[in-house]
Amino acid sequence: MIASTIALAVLAWALAWPIPARLSRAHWTSRAPRTALVLWQSIALTGGLSMIGSLLIFGLSAYGDSPLSAGDALVRETLAGGIPDGATIFQVGSLSFAVLLTGHLLLNLTATFVRTERQRRRHLDLVTLLSDPVPGEPRTRRLDHPAPVAYCLPGAFRSVTVLSDGLLDLLDEDELRAVLEHERAHLQHQHALVLLSFRSWGNALPWFPIAHLAETAVESLVEYIADDQARTVVDSHQLASAIALIGSAGAPSGAVHADSPARDYRVDTGVATTRIRRLLDGPPPLEPRVRIAILTGAILLLLLPLTLLLTISLVA
Amino acid sequence: MAQLGELERSIMDALWASENPLSATELQEYLEERARETSGKQLAVTTVLTVLSRLEHKSLVVRDRTVRPHLYRASSSQADHTAELMHEILGSSTDRGEVLARFLGSVSPEEAAALRGLLDQTRDSGRSA
């Protein structure tokens, strides 16, 4: 089982640093955001599985030659209140660490989910009290506020899109349709859940620089995906003009959040500018066969740690 | 669901408009008057009580149980609630995107200025296309 421990550890390392670091700098991702999002999810999941898997297998090697028999022995020995003869402190430590890490990640995911759901419900209560339904647009409300904002509030059962009066005054009909379709895309594709998982991963492993990198990359990707869906109903120029109008309409961030720490913005790489550039003169979408190749790779990657585990179970 | 939301809203509006805490019957009468003006629906006192306890559960309404009948008032002013909502919508960097997905996040003043330049570009190419 030592060979598979090493194989899984190498895989975990590769997915924890070099591969995501390269992917976050890659240029093709904006040309195939859906494919890239699948790849990011596969990397995160496989990375976690192989990290935990390698710790687990190494720890279990004290108990037996195959994962199944060792797992069986682990349960028996632990219930009897002992550890097997010849088990090193590294093996027992590695086993405990695997269990703790799994628990930590799952608890963090649950806590993030519960907290967000509570905030979301509170927000929905307030929105219901302070906004009016928009006639003819189901699950859309208008908020009496001069700042031009549009957002969607995803919910398990009820989701709502909110537009401010400031936004309605600013945009023409096509631009408004672009905004609505963009928000609809976020709701349809469950982007909130994807972001939540990556955010919880980042919160759970704050010392893990790559988690933050992944979060930022995924945040841009879901915007690109929503933009691509919006440009199927309106011209790219209208969507770009909606972004430019909202972004330049005396963005309220500076005035309202004078207390928030100054962020290191670089003008030409701001999200709004990047999105507009991509819409107006971005490179064409990636060829289908390249996308399929990447998707296949992402799926195979996810199967890799499971295949490794299965192989050693059968061989042993 | 949406209808219950509208009921909650009309009761909150009534509480916000009133200077003193109101009882459920007073609220019902107030809403009845309003309904007559706008030819809206009439409400039973039991419905008002149900909605009030929902609002209390959501900590939007405070109930004074020391008197009979119980008196109800809004927990904060409408302006405070709007401020809370807008704070969450416009969000600072730390809680960015935690709850909601904005069409466009906060934009720095420098980028806003740059976007104004881009705007002409989207306009020009849009019109000529």
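Quick notes on this structure:
- Checked against (1) under 22 Å from the mean Cα position of the chain (by Cα); (2) free of Cβ contacts under 8 Å to residues at least 12 places away in the same chain; (3) within 30 Å of B:Arg54 (Cα to Cα); (4) open to solvent by 80 Å² or more (accessible area, probe 1.4 Å), A:Phe113 meets all criteria but (2).
- Yes/no for A:His123 being touching a Gly at 6+ places or on another chain (Cβ under 7 Å) and either closer than 30 Å to A:Val160 by Cβ or open to solvent by 60 Å² or more (accessible area, probe 1.4 Å) (or both): no
- Among residues of the stretch B:31-88, those that are open to solvent by less than 60 Å² (accessible area, probe 1.4 Å), in a loop (DSSP other than H, G, I, E, B) and away from chain A (no Cβ under 14 Å), counted: 5
- Matching residues in the stretch A:95-115 - criterion: being in contact with a helix residue (DSSP H, G or I) (Cβ under 6 Å, 6 or more places away or on another chain) and under 23 Å from B:His87 (Cα atoms): A:Thr112
- Considering the stretch A:127-142, the residues that are closer than 26 Å to A:Leu196 by Cα and open to solvent by less than 80 Å² (accessible area, probe 1.4 Å) include one that is nearest to the other protein chains (Cβ to nearest Cβ), namely A:Thr128.
- The lone criterion from (1) open to solvent by 30 Å² or more (accessible area, probe 1.4 Å); (2) more than 8 Å from chain B (Cβ to nearest Cβ); (3) over 15 Å from A:Leu171 (Cβ atoms); (4) modelled with pLDDT of 50 or more left unmet by A:Asp264 is number (4).
Conditions (1) open to solvent by 70 Å² or more (accessible area, probe 1.4 Å); (2) of a type in the set (Asp, Glu); (3) touching a residue at least 40 places away in the same chain (Cβ under 8 Å), marked per residue:
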residue: A:Trp40; (1), (2), (3): no, no, yes
residue: A:Ser50; (1), (2), (3): no, no, yes
residue: A:Gly59; (1), (2), (3): no, no, no
residue: A:Pro67; (1), (2), (3): no, no, yes
residue: A:Leu79; (1), (2), (3): yes, no, no
residue: A:Ile89; (1), (2), (3): yes, no, no
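The values are calculated or read from the model by the stated rules, or taken from the named source; none is laboratory data. Just so you know, these numbers come straight off a predicted model, no measurement behind them. Ideal geometry is used to build each Cβ from the backbone, glycine not excepted, and the neighbour counts take in all protein chains shown. Remember, those area values only see protein heavy atoms, side chains included, never the ligands or the DNA or RNA. Shrake-Rupley method; radii C 1.70, N 1.55, O 1.52, S 1.80 Å.
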